[in-house]
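The values are calculated or read from the model by the stated rules, or taken from the named source; none is laboratory data. All values derive from a computational prediction rather than experimental measurement. Cβ: placed from backbone, ideal geometry, glycine included. Neighbour counts: every protein chain shown. Surface accessibility is based on the protein's heavy atoms, side chains included, excluding ligands, DNA and RNA. Shrake-Rupley method; radii C 1.70, N 1.55, O 1.52, S 1.80 Å.
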Amino acid sequence: MRCRVCRGSAAIEVKRHNAAFCGQHFIDHVRRQVGRTIHDHAMFGPDERLAVGVSGGKDSLALWDILHHLGYRAEGIYLDLGIGAYSQDSLSRVEAFAEERDLILHSVSLLQHYGFSIPDAAKATRRTPCSACGLSKRYVLNEEATRRGFDVLVMGHNLDDEAATLFSNVLNWNMEYLGRQRPVLPASDGLAKKVKPLIRVAERETAAYAVLAGIDYEVEECPLVGGNTVNRLKEWMAMLEHDSPGVTQHFLGGFFGRASHAFAVDIPDLHPCSKCERPTTGERCAFCRLQERAVT
Amino acid sequence: MKVIRRHPRREIHIEGPMTVRALLEHLDIVPETVLVIRDSDLLTRDQRLEADDTVELRPVISGG
Ligand code: SF4
Ligand SMILES: [Zn+2]
Ligand SMILES: [Zn+2]
């Protein structure tokens, strides 16, 4: 296979674009795609202060690298979930990444700052660790981004993450989640503006970008991933994509372009949580309730 | 050839040579779910693997 741009030997084939690229031209291609997404959705401008939620995995580190190369000012926020060696190893990769590129990293430990780890939370709630984990990440990243005065919280969800989440939301007809699944969620009282610039980059492409750009990311999987339903949907969607290249992007792009407006972002009556003062619909927010049960 | 698989990390031996496409078919792996890496280079499906190669099949689907 030959690179579409220089006719050199190809490193990766992108079937849904009917193209193959050598390493350098693939890197250029991905950066251009992300730049276009940022522009098309008016995600942020060159003068805004960005916080990237980084996990040490391929997607968030690739995103941080791309933003850096596109000339944006982006600092990283790492949340240590307290998942044993996995969390430690992920943190050291994020630290090495930031140091090599001279980027600013803020790291928060769930255990030190909030008194519990994800394994604690899973035990206390007897639910899958991923649900406590997702809630904690959303809460803490928002907390750090707003407290530190960032303009935008940038998340590394890729095309396949978003398509699988959409599929799961459709399977359950979860109207509330469908309403809030957007490439850009504007800021509101106590909530940072949140954007997802990787929605046009497939999961295999962020992995390839990371390898080609020399990013040493965490390849090992989280030991608690077993109950992750989004992952299983992604495996299933990979088979669909294999049979009909482009179907994933068509599904997600069609939703954002033609359907998502039908699911209004109903902002329910939000008021400050009685404990942490972040916006919530109840008396106490879901994170404070989780914390209460998980701290032993 | 030596084939490195992940989650968990393990090594298997496969009689070569063959193309990347044939290797993935042989192991029943959907090509969209892995990167095929040899000496830190990414390989496309038409490339040929030699009997004495070491290749890593790195899954790209991750949770979190
Ligand atoms: S697999 Fe689940 S528990 Fe592990 S990091 Fe991802 S969301 Fe958290
Ligand atoms: Zn090229
Ligand atoms: Zn609260």
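Quick look at the numbers
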read-out	value
Estimated FRET transfer efficiency when R0 is 45 angstrom, pair A:Glu99-A:His242 (beta carbons, to 0.05)	0.70
Qualifying chymotrypsin sites (Phe, Trp or Tyr not before Pro) for segment A:118-219 [loop in DSSP, other Cβ within 10 Å: at most 13]	A:Trp173
GNM flexibility winner over chain A from A:Ala264, A:Ala122, A:Ala132 (Cα, springs under 10 Å)	A:Ala264
Summed residue charge, Cβ within 13 Å of B:Arg5's Cβ, Lys/Arg positive, Asp/Glu negative	0
Over chain B, relative contact order from alpha-carbon pairs under 8 Å, at least 6 apart, %	43 percent
With all protein chains modelled, accessible area of A:Glu95 [1.4 Å, Å²]	90 Å²
Length added when fully stretched, A:Arg126-A:Glu277, from 0.36 nm per residue minus Cα-Cα	51.7 nm
Segment A:111-186 - Rg and Dmax from Cα coordinates, angstrom	14.6, 38
Beta bridge orientation in chain A: antiparallel %, DSSP, nearest 5	35 percent
A:Asp151 paired with B:Arg6, simple spin-label distance in nm, labels 7 Å along Cα-to-beta-carbon	3.5 nm
Amide hydrogen neighbours beyond the local backbone of A:Phe116, cut-off 5 Å, H modeled	A:Leu111
Volume per residue that the Cα convex hull of segment A:213-296 spans, once the total is divided by residue count, Å³	223 Å³
Exercise: per-residue mean of other protein chain Cβ atoms within 10 Å, A:224-236	3
Proximal lysines relative to A:Lys193, as straight alpha-carbon distance under 19 Å, when same-chain residues fewer than 8 apart are discounted	A:Lys137
Most mobile of A:Gly179, A:Gly156, A:Gly257 in a GNM of chain A (Cα contacts under 10 Å)	A:Gly257
Principal axis dimensions, the protein assembly as shown - Cα atoms, whole angstrom, descending	66, 43, 43
Length gained when the stretch A:Ala85-A:Arg7 is fully extended (0.36 nm per residue, less Cα-Cα span)	23.7 nm
Over segment A:49-206: Rg over Rh, Cα atoms, Kirkwood Rh	0.95
Extension reserve of the A:Arg284-A:Arg36 stretch, reckoned as 0.36 nm per residue once the Cα distance is removed	85.3 nm
Backbone N under 18 Å from the A:His113 label point (7 Å along Cα→Cβ), restricted to segment A:139-177	A:139-156
With Cα atoms, 0 to 90° folded angle of helix A:58-69 axis to chain A main axis	70 degrees
